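Okay, structure first, notes after.
The values are calculated or read from the model by the stated rules, or taken from the named source; none is laboratory data. The structure presented is a predicted model; accordingly, all values stated were derived computationally and were not measured. Ideal geometry is used to build each Cβ from the backbone, glycine not excepted, and the neighbour counts take in all protein chains shown. Protein only, heavy atoms only, side chains kept; ligands, DNA and RNA dropped before computing areas. Shrake-Rupley method; radii C 1.70, N 1.55, O 1.52, S 1.80 Å.
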Amino acid sequence: MADTKTIDRVATARGFVEQVFNGANAERAREYFTDDIGWHGGALGTVNGVDTIVPILGGFIGALDDIHAEVQDVIATDDLVALRLLVTAVHTGNLLGVPASGNRVQWDAVDIYRVTEEGKISEQWAFEDLAAILSQVGAIKLPWLG
């Protein structure tokens, strides 16, 4: 059985996904992030500071209508919470330099959050299946899909 602190940290991570992504409201991230948050986006690089990250989230969320991230699995220990997500959306705006396609997209994601004692996210690692996203919006062709 998880302790109260772990349960609270999981609630913070789930709340972030629900309010920011499913709520399509990047500005709400300010309620969840520390001012000096570190965001690690794999191929997208590392960004520091809430004032830098919120506009990036806004661009991503703004390019995807009807975005919905469904939590598939949760793993939590100490100050880390990992969420495995299934994300669906419609590509309606410029996404990573790719103009709107109108295509429905679906991808897997694993996001890991470091949550402070105060219930704020101080670090996030975002692992989005960029190959799936880019192939579904027509930016790349994956050879194994024919």
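Per-structure values
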{"quantity": "Residue pairs meeting the criteria (Cβ under 8 Å; at least 6 apart or on separate chains; first assigned to a loop (DSSP other than H, G, I, E, B), in the stretch 48-72; second crowded, with 18+ Cβ neighbours inside 10 Å)", "calculated": "Gly49/Ile37; Ala63/His91; Ala63/Leu95"}
{"quantity": "Top-ranked residue in the stretch 25-35 [being part of a helix (DSSP H, G or I) and of a type outside the set (D, E, K, R); ranked as surrounded by the most Cβ atoms within 10 Å (Cβ to Cβ)]", "calculated": "Ala29"}
{"quantity": "Single residue of Ala76, Ala100, Ala89, Ala109 found to be part of a strand (DSSP E or B) and either open to solvent by 70 Å² or more (accessible area, probe 1.4 Å) or in contact with a His (Cβ under 9 Å, 6 or more places away or on another chain) (or both)", "calculated": "Ala89"}
{"quantity": "Residues of the stretch 112-137 classified as over 15 Å from Leu64 (Cα atoms), touching a residue at least 40 places away in the same chain (Cβ under 8 Å) and not in a strand (DSSP E or B), total", "calculated": "4"}
{"quantity": "In the stretch 1-24, residue nearest to Tyr113 (Cα to Cα) [restricted to those that are touching a residue at least 24 places away in the same chain (Cβ under 8 Å) and outside any helix (DSSP H, G or I)]", "calculated": "Ala2"}
{"quantity": "Among (1) open to solvent by less than 60 Å² (accessible area, probe 1.4 Å); (2) modelled with pLDDT under 95; (3) of a type in the set (D, E, K, R), the one test that Lys141 misses", "calculated": "(1)"}
{"quantity": "Residue among Phe21, Phe16 that is hydrophobic (A, V, I, L, M, F, W, C), open to solvent by 20 Å² or more (accessible area, probe 1.4 Å) and within 14 Å of the chain's Cα centre (by Cα)", "calculated": "Phe21"}
{"quantity": "Restricting the stretch 36-54 to residues that are out of contact with any Asp or Glu (no Cβ under 8 Å at 6 or more places or on another chain) and farther than 17 Å from Ile121 by Cβ, the residue that is surrounded by the most Cβ atoms within 10 Å (Cβ to Cβ)", "calculated": "Leu44"}
